Amino acid sequence: MQTLHTIADFRRARGKVAGDLGLAPTMGFLHEGHLELVRRARAENDAVAVSIFVNPTQFGPAEDFKEYPRDLDRDLELLAKEGVALVFNPSPEEMYPPGHGTGIDTGPVSAPLEGSRRPGHFRGVATVVAKLFNIVQPNRAYFGQKDAQQVQVIKRMARDLDFPLEIVAVPTVREPDGLAMSSRNIYLDPRQRVAARCLYRGLTLAGERWAQGERDGGALRALVNETIEPEPLAAIDYVSVADVETLHELEGAAGPAALVSVAVRFGKVRLIDNVVLGGV
Ligand code: PAF
């Protein structure tokens, strides 16, 4: 496994890779969810590249960029065991040299949900992902379905800007009690960690009600709200039942599929999760 820190070095190494290359873009502090992206990429490509870059431009001024957990040595050990060929680990200055100012306008799919709570977040995500696509030149890129809106924003960008690659969404990996794996879970204290089970409880109940034939967006939204609200440590930011692609809220009868997503605060820790109901 080669670890490269500059764009020029990475491009040289990438040029020597034969066959299809899969990319798993990450911000490091890897967990099973990231390793699942790598395993899927290995199964579908001849070689795998992983980027590790805590991207400053996708964090708001009051967000946790400085405190975001980092452990490069451990990440590299894990990736070597997974048979990764190339790791790209640039500095912020390498990615954003003085004078950098171009960014991607992500359009309507980035407006609701996370986009409305985190202004500028998806511009930062799309810009760094576009740069990574240009630097790494992957045939396929792998993203976790836990960040469902991010997946839609990236798919839209790849279509709209004609990136010649396939975007693959990989199912969310969960702890045994259902909590979606996230680098931010380590911030939860033991009581918050137990309380956080209510996210998956709400999403699972929505899935059960959908299986029984419920298709009313408002009714599903109310059910998830009513499941999470009684948890005293949980403060709901949003509960959404939306079209899977456009992310428009569904008020009446849903079509063949719906994306149920939640953002909930436990003290300072904000968790997101989602489930897709029906076929995609
Ligand atoms: O999902 C993430 O970890 C980040 O948003 C990504 C895609 C690596 C871009 O910085």
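In the stretch 92-199, which helices (runs of 4 or more DSSP H) lie fully inside it and hold 3 or more residues that are within 23 Å of GLY267 (Cα to Cα)?
On the way: elements: 92-95, 114-117, 121-136, 148-160, 190-195.
Correct list: 114-117, 190-195.
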Inset, instruction - Being surrounded by fewer than 20 Cβ atoms within 10 Å (Cβ to Cβ) and within 11 Å of the ligand (Cβ to nearest atom) is the filter here, so list the residues in the stretch 119-144 that pass it. - result: GLY124, ALA130
Legend entry - Residue identified as away from the ligand (no atom under 13 Å from the Cβ) and open to solvent by less than 30 Å² (accessible area, probe 1.4 Å) among LEU23, LEU35: LEU35
Inset, instruction - Would you point out which residue out of GLU208, GLU229, GLU249 is over 18 Å from the mean Cα position of the chain (by Cα), open to solvent by 40 Å² or more (accessible area, probe 1.4 Å) and closer than 27 Å to ARG159 by Cβ? - result: GLU249
Legend entry - Pairs with Cβ under 6 Å, 6+ apart, first in the stretch 264-280 and β-branched (Val, Ile, Thr), second part of a strand (DSSP E or B): VAL264/ILE236; VAL264/LEU271; ILE272/ALA263; VAL275/VAL260; VAL276/LEU259; VAL280/ALA257
Legend entry - Evaluation of VAL194 against (1) open to solvent by 10 Å² or more (accessible area, probe 1.4 Å); (2) within 13 Å of the ligand (Cβ to nearest atom); (3) farther than 22 Å from LEU21 by Cβ; (4) of a type in the set (A, V, I, L, M) (one fails), failing number: (2)
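For the stretch 247-269, how many residues meet the condition of being over 18 Å from ASN185 (Cα atoms) and either out of contact with any strand residue (DSSP E or B) (no Cβ under 7 Å at 6 or more places or on another chain) or part of a loop (DSSP other than H, G, I, E, B) (or both)? Quick ask: steps written out before the conclusion?
Step one: of the stretch 247-269, the residues over 18 Å from ASN185 (Cα atoms) are 247-260.
Those left that are additionally either out of contact with any strand residue (DSSP E or B) (no Cβ under 7 Å at 6 or more places or on another chain) or part of a loop (DSSP other than H, G, I, E, B) (or both): 247-248, 250-252, 254-256.
Qualifying residue count for the region: 8.
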Inset, instruction - Please identify the pairs in which a residue from the stretch 17-32 that is closer than 15 Å to LEU76 by Cβ has its Cβ atom under 8 Å from the Cβ atom of a residue that is more than 16 Å from the ligand (Cβ to nearest atom), counting only partners at least 6 apart or on another chain. - result: LEU30/ARG74
Inset, instruction - Determine whether the stretch 52-65 contains at least one residue that is of a type in the set (Ser, Thr, Tyr), within 19 Å of the chain's Cα centre (by Cα) and open to solvent by less than 40 Å² (accessible area, probe 1.4 Å). - result: no
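If I ask for residues that are away from the ligand (no atom under 14 Å from the Cβ) and assigned to a helix (DSSP H, G or I), which ones from the stretch 53-90 would you list?
From the stretch 53-90, those away from the ligand (no atom under 14 Å from the Cβ) are 61-62, 66-67, 71-74, 76-86; that's our starting set.
Within the stretch 53-90, LEU72, ASP73, ARG74, LEU76, GLU77, LEU78, LEU79, ALA80, LYS81 meet the criteria.
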Inset, instruction - Could you figure out which of (1) part of a loop (DSSP other than H, G, I, E, B); (2) modelled with pLDDT under 95 isn't true of GLY213? - result: (2)
Inset, instruction - Please enumerate the residues belonging to the stretch 216-226 that are buried (at least 17 other Cβ atoms within 10 Å of the Cβ) and free of Cβ contacts under 8 Å to residues at least 40 places away in the same chain. - result: ARG221, LEU223, VAL224
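The values are calculated or read from the model by the stated rules, or taken from the named source; none is laboratory data. As the structure is a prediction and not an experimental result, all values here were calculated from the model. Backbone-built Cβ (ideal geometry, glycine too); neighbour counts: all protein chains shown. Each accessible area value is taken on the protein alone, full model and side chains, heavy atoms only, with ligands, DNA and RNA left out. Shrake-Rupley method; radii C 1.70, N 1.55, O 1.52, S 1.80 Å.
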